[in-house]
Amino acid sequence: MILDREMLDAFVPEFEAEAVRLAMVRDAAPAQRALDQLRAMAAALGAPSLARMVEDAALELDPLDLPALHRAAEALARQARAVGEAGADVAPGPAAPPPAAAAPPPPAPSLDREILDALAPEFDAACAKLAAAGDEGAAGRALDGLRALAGAAGLASLKLLLDRALPLLDPFDAAGLRDLAAVLASHAALIVAHGEDLPPPAASAPPAAPGPAALDPEMLAAFTPEFQAGCLRLAAATDEAAAARAADSLRAMAEALGLDSLRALLAEAPFDATALASHAAAIAIAGQDLPFAPAPTAAKRRVLVVDDSAMMRRLVRETLATDPDFEVVGEAADGVRALAAMRDCQPDLTMLDIEMPELDGIGVMRRWALEGIGQVVIVSSAARPGSATAVEARRLGVAGIVGKPSGALSPDLKQRQGEALLRTARRAAGLPVEAAR
């Protein structure tokens, strides 16, 4: 059965993102919610193969078989990609066999003394590099080395401590990074002395008036996919009752973590599912609650176009110019200039390429998620549905992805993807999609 190409372009990345959430669940309740969402999406597309695979996966809920459920999630993501590539419903490929050893894995061994003794001097040296870093690039390289060492030794506490570095990189905080380097070195020394991983020390309060409290990383890791799935249910609600139920669930999750900014967004209808999902992604990256900066309410939506190709910037600008609700207020040719233009132009919407010099689109997204300026739509051949780039962009809160039809330079963008680009841009900007030309 031939499927609608435009619907497929919008459907496949959403379906894959939900399958990724299913592959991450650890108990029955979030698994059921993910399966409900996948079931609704398969029905909306009209793909019987996906609908059957969702029902087969649901059989693993009672009794709960997490390994089988995770394998089913991987198979669903593969099948969604196959349907998208074929442009039609296709028979699923053979299921991957379960692991040969059905017995549960043995308990993790205690830390190896030789590994710890080898880790100590290398970790100290990397901490010294972090403390001496004079700019963001040097600090990033030192942090990458520290993460690799902590991962090789399986030291979860050090990885949690390293997560505290993100807010110190932009804007660059040399003093904060020096303090973090000292904490990392001290905690690594304690681990070596005890021969086992230890809980990380609590983050010290800043000397000035404290901002929002840091959130527990484990609670935040569990909260984020649940809240994003709830936003999808809110966006898919077809009546006021369904929207109210979805909003109640989101409100309860925000209440559990004490996230005042999300509770304020959920205070009264109508609810903006896109803004909620985007702001929750920003909170997840920052590790703390953040004030919400609503997009300007001007009649025309202000748009920033970012691409290293002048031709592609022109094509995107000309496509947007066919819609009277958009006004292009700025352009940028690389990620560093894009961040400056975001601050200067305050766009409602940024059309963002991925592959760029100086700073790529994913790097821009990480900074954007902290600043909360408008919405972002990726326009790139690098964010192919199901790719690691597309999954990471979705995790960071991108509002939509539009592929370039014939590679990084696509002179046929307006002809082949013009309507899809406008629909995606209108949806991201909170405009009725039916009005797209």
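The values are calculated or read from the model by the stated rules, or taken from the named source; none is laboratory data. Given the structure is predicted, the values throughout are model-derived calculations rather than measurements. Quick reminder, even Gly has a Cβ in these numbers, built from the backbone with ideal geometry, and neighbours come from all protein chains shown.
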**Message:** If the requirement is being more than 16 Å from residue 376 (Cβ to Cβ), touching a Ser or Thr at 6+ places or on another chain (Cβ under 7 Å) and surrounded by fewer than 16 Cβ atoms within 10 Å (Cβ to Cβ), which of these qualifies: 324, 291, 270?
**Reply:** 291
**Request:** Output the qualifying pairs, or none if there are none: Cβ atoms under 7 angstrom, residues six or more apart or on different chains, first residue in segment 193-206 and small (Gly, Ala, Ser), second residue at pLDDT below 65 and surrounded by 11 or more Cβ atoms within 10 Å (Cβ to Cβ).
**Result:** 195/111
**Request:** Tell me, please, whether a residue that is on the phi < 0 side of the Ramachandran plot, hydroxyl-bearing (Ser, Thr, Tyr) and at pLDDT below 80 can be found in segment 137-159.
**Result:** no
**Message:** Given the criteria small (Gly, Ala, Ser) and modelled with pLDDT of 80 or more, does residue 295 qualify?
**Reply:** no
**Fill in**
Those residues of segment 384-409 that are under 10 Å from the mean Cα position of the chain (by Cα), among the hydrophobic types (A, V, I, L, M, F, W, C) and either assigned to a helix (DSSP H, G or I) or modelled with pLDDT under 80 (or both) come to a total of 3
**Residues of segment 391-437 satisfying the condition of being of a type in the set (Ser, Thr, Tyr) and closer than 19 Å to residue 13 by Cα** = 406, 424
**Asked** Residues of segment 226-249 being more than 15 Å from residue 40 (Cβ to Cβ) and either out of contact with any Lys or Arg (no Cβ under 9 Å at 6 or more places or on another chain) or not in a helix (DSSP H, G or I) (or both), which ones?
**Response** 227, 240, 241, 244, 247, 248
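Per-residue answers, yes or no, for (1) acidic (Asp, Glu); (2) within 27 Å of the chain's Cα centre (by Cα); (3) within 18 Å of residue 116 (Cα to Cα):
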| residue | (1), (2), (3) |
| --- | --- |
| 153 | no, yes, yes |
| 157 | no, yes, yes |
| 169 | no, yes, no |
| 182 | no, no, no |
| 192 | no, no, yes |
**Asked** Do we have any residue at all in segment 393-400 that's crowded, with 24+ Cβ neighbours inside 10 Å and among the hydrophobic types (A, V, I, L, M, F, W, C)?
**Response** yes
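Residues 243, 277, 264: which one is under 24 Å from residue 167 (Cα atoms) and either surrounded by 18 or more Cβ atoms within 10 Å (Cβ to Cβ) or in the same structural domain as residue 369 (by TED's automatic domain parsing) (or both)?
Going through 243, 277, 264 in turn, the sole match is 277.
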**Request:** For segment 10-23, indicate whether the set of residues that are more than 19 Å from residue 401 (Cα to Cα), part of a loop (DSSP other than H, G, I, E, B) and either modelled with pLDDT of 80 or more or acidic (Asp, Glu) (or both) is non-empty.
**Result:** no
**Request:** Evaluate the following for residue 108: is it surrounded by 13 or more Cβ atoms within 10 Å (Cβ to Cβ) and either closer than 30 Å to residue 60 by Cβ or modelled with pLDDT of 85 or more (or both)?
**Result:** no
**Request:** Look through 408, 333, 340, 428 and report the one residue that is buried (at least 20 other Cβ atoms within 10 Å of the Cβ) and outside the structural domain of residue 277 (by TED's automatic domain parsing).
**Result:** 428
